[in-house]
Structure formats: C-alpha cells, structure tokens
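Below: one structure, written as structure tokens.
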Amino acid sequence: MIEFSIQLKSGETKEALALIVGYDKDFKNHRFVYSTGVKVSRGSFNAGRPGKQLKDLILKAEQAYESLKLEGAAVNNESLKARLKLFIERVQFIDNEVHLYNGKSIERHIVPIAVNRDQLRTALNTEFTKSKPDTAKVINRVLSDGASELFGFWQGVIDGTIKPRAGKPLRKATIKAKRQTLILVKEYDPTASFENMDMKFYNDFTGWMAKQTIQREKPDGSFETLKRFDSNTIGKHVKDLKAILHLAYRNEMLTNDRFRYWPVMKEGNEVVALSKDEVLKLNGLQLSGTKANVRDLFILACFLGVRISDYKQFKKEALETTAGITFFSYVQEKTGTRVKIPVHPIAQVILDKRNGEFPNMIAEQNFRAYTKDICKAAELNDRVVIKIRDGKPEYKKKWEAISPHSARRTFASSLFYGWFSRPMPASLCMKYTGHKTEASFQKYIGAKEAELNAKALEYFDFQPVMKVS
C-alpha cells in the first residue's frame, strides 16, 4: 500500500495549496500529485496533523488506489487521479457513461451524450443526501424525460398527452396556471417526486413560499421589501398541485392519497362591481373612438354576463330572435355550457347604433387599461376594500379596482337585486352565471346577510291583520 501525505505547493505566499503526494514506480517519474483545492497557512501547517478535511482526502486517495488494485486495473497518474476525483465528487461522466461512488462501491450507467449532465449531476447529488439513495431510479427518470415521474406527468397534462379528468382540452388560462405552479415546484425542489408528496412536503413548500420576498423600486428611487406570495397565491399553487396529484392518483401513478388532506389557504377578495347608478353614469359618458368601443363592450358584458375570455363570442351571428325577443347565445369557454341570455334594451341600443354589430375588441392588456381610464373619467372615486389579508383591509379608489371581470359581477348582482328588471331568485341567476350552488353565487356577488333577509321579505305577501271589535 502506498503512503500518501500532504505537501504544500512551493512558493513565497503566506498561504499554500495543499497537495496529495505519493511515490511508486507505477507513477510517471515515480511521483503522484493531486491538488486538493484546499489552501492552508504555511506558518501553522503540520504535515503530521494536517486537519480532518485533508486527512479525509488522504483516506480517499488510499481507497481509490486500493479499488484500482482490486479491479486489476492499471495504476498510473491518470487512472488514480480519475478514481480519486470520483471518490471525492461521487459523480463522474466518462464518454457515454456516468460513474457513481456510493461510499462502498462504484456504479456504472450508460448515459447518452445528449442528456443534460449538469441537471443529472444535481439530481444525483441530491439523491446522495438521502439515507437510502436510489441512483438508478434518478437516472431512469432523466432518461425517460420523467414520463413516469411527477414533473414528466405534469408536463404531459400541460402538453395535452395526458387527458384531464373531464376529458376536455384545458383552456389557455388553465395551462398557463399549471405551468406557473410547475415552474415554482421545480424551483423549490428540482427532485420532487410522487413519493414525497406528504404533509411534510406541504408544510415545507408552503413555509418556503411564505418566506419568499421581492424588492420593488419606489418612486423616490429607494427599494422596499415585499412578500413574493400572499396567502391566496400560496393557496392557488397548492390547489394546482393537488389537482395534478388527484389526476395522477386516478391514473395509478401514485399509490397514496395523503395530499387530499392538504388545506388550501384562501382569504376572500371583496366584490368590486358597479352599482346601477354607476352603470348608467358610465353608459352616459360622451366618448369616441377606442374609448367608446371599450366602454360599450364593458356595458354589454354588464348585461350579458360574459367573461373576458368569451368576448370573442361577441359576434352578430350569436344573436337570435325568438317570439320578438333577441337573445345572445354562446358556449362558455370555461365550463363548456351553452348560455342563452335575453338582450336588455340598454344593450340593444348599443348594438342598434352599430347596425347590430358588436364593438371591436382590442388586446386584453390595453382593454384593462382603457377600462380604468374610463371609470376614472366617470369619477368612480369611492374608496373600496379590494381584499383583506391577515385581518387587514387593503383599499383603492373604485376606478383603480375595476377590471373586465367587474362587468360579470355587475351582471350577477343586477339580476339578483333587480336593478334593471324584476329581482331574480339565485337559483335562476345561476342558470346564466354557471354557479353550481346558491352559496357560491351569493359569495360571488358579495351578498350580505341583511341584504338577503330584506330580499327574502319581498316574497312574503302579508296582509294587514284586521282587528275584530
């Protein structure tokens, strides 16, 4: 057995690079030298007591030498350096193979050149931190593009190769949301798998999200630290992950359903909708050009109840007349439900001035900006609560809080409270909004208990009690 020792690289500096040195006739010029990458102080260095880190490296050099001898492999400067590097780094790529040192023996696996080796190295090193690493499984996952693993299955859902529960293609907005959550889970744990989807993963993942911060520049040039995710966003990502796991469970990709017990955090956002007077005020604004088109589209949505994803359904062909009543008929993109809504006279006026044609739609981002500008011009300056987080309300002026979706909420509220016609029971309103339960509908319109009680009394036809003398 060769004796290895630590020697310092020659030079005049106070710190020197520590080298592993050994002597044997098998080595070129009978001397083996391997740089440890560790620097030590010349003045305090003791070759007999080099310290734990360097002693461990000497031990690995002895093990590397012994392993070559046991294999009957050639022992020379190049082979020993390669074997020692493997014992130190544990992962080594040689041509189309990956060599792994598990602390006891060496594993060899065929790995195509095209494989992302940095990604594979990271995954293997993470696996080595486990008490019982399964390196073969990690390699198989990478070679199969993870098709049978969490991320591969997830990507299959996004790509459409794995059908969702309902069997219908996912909407663009849904695909975008699932992709965002996939990227986030990969950021948190690039080796996440079906097997570790337990309560510990949930607690660690949500805890990590809660601690994430971002820096935002203020108008004065200074920076403020903000939470990267609020509680609702955390809940949204948990919900998306649970949906993937539910689908994987149905496809028998995982055998446990511990994820079912993960709570989804959600704090309600306040309903921001227009009142009847505000709808009329907005409709009465003198506008022209693009602003007139945006305002008219928004007003139409207030009476027809479409989501912005369904604005593309605003076509003359979607109008039909039955028994003298004009209806707007379309299929909701989100639910696949066909809805047939009577066109209110106010909406009909907007269509009539365009000979039955709908206004032209613009890019959604621009539509949002124009909507706020128009509501600002209408002086919708009331201070409204837009959300409550950790018991603290957040306020904005109403025009700042208005979004295209406010039109749909206005539509639902106007039906229920009868702003432009007779009040409609929630069960009938749901026919047009697509809600499945009255509770969810009432939450959607922000109905308060006092308002519901007052509305309920309208349905009691009490007659005055006559006194009998």
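Of note:
- In segment 154-176, the qualifying residues are those that are of a type in the set (Lys, Arg) and either surrounded by 11 or more Cβ atoms within 10 Å (Cβ to Cβ) or modelled with pLDDT of 85 or more (or both), and the one that is nearest to Gly336 (Cα to Cα) is Arg171.
- Selected residue (only one of Ile341, Ile346, Ile299, Ile325 is among the aliphatic types (A, V, I, L, M) and in contact with a Pro (Cβ under 7 Å, 6 or more places away or on another chain)): Ile325
- Taking the criterion of being more than 12 Å from Cys375 (Cα to Cα) and part of a helix (DSSP H, G or I), the only residue of segment 388-406 that qualifies is His405.
- Residue match in segment 115-125 (condition: out of contact with any strand residue (DSSP E or B) (no Cβ under 8 Å at 6 or more places or on another chain), among the charged types (D, E, K, R) and not in a helix (DSSP H, G or I)): no
- Boolean, Lys334 is among the basic types (Lys, Arg) and outside any loop (DSSP other than H, G, I, E, B): no
- Put simply, of Glu149, Glu78, Glu97 the only residue that is within 29 Å of Tyr34 (Cα to Cα) and in contact (Cβ under 8 Å) with a residue 12 or more places away in the chain is Glu97.
- Number of the exception - Glu270 against (1) in contact with a strand residue (DSSP E or B) (Cβ under 8 Å, 6 or more places away or on another chain); (2) in the same structural domain as Gln348 (by TED's automatic domain parsing); (3) not small (Gly, Ala, Ser): (2)
- Scan of segment 383-395 for residues that are surrounded by fewer than 12 Cβ atoms within 10 Å (Cβ to Cβ) and at pLDDT 80 or above, ordered by number: Arg383, Pro393
- Val264 vs. criteria under 21 Å from the mean Cα position of the chain (by Cα), assigned to a loop (DSSP other than H, G, I, E, B) and surrounded by 11 or more Cβ atoms within 10 Å (Cβ to Cβ): yes
The values are calculated or read from the model by the stated rules, or taken from the named source; none is laboratory data. Here the structure is a predicted model, which means the values were calculated and not measured. FYI the Cβ positions are ideal-geometry reconstructions off the backbone, even for glycines, and counts take in every protein chain you see.
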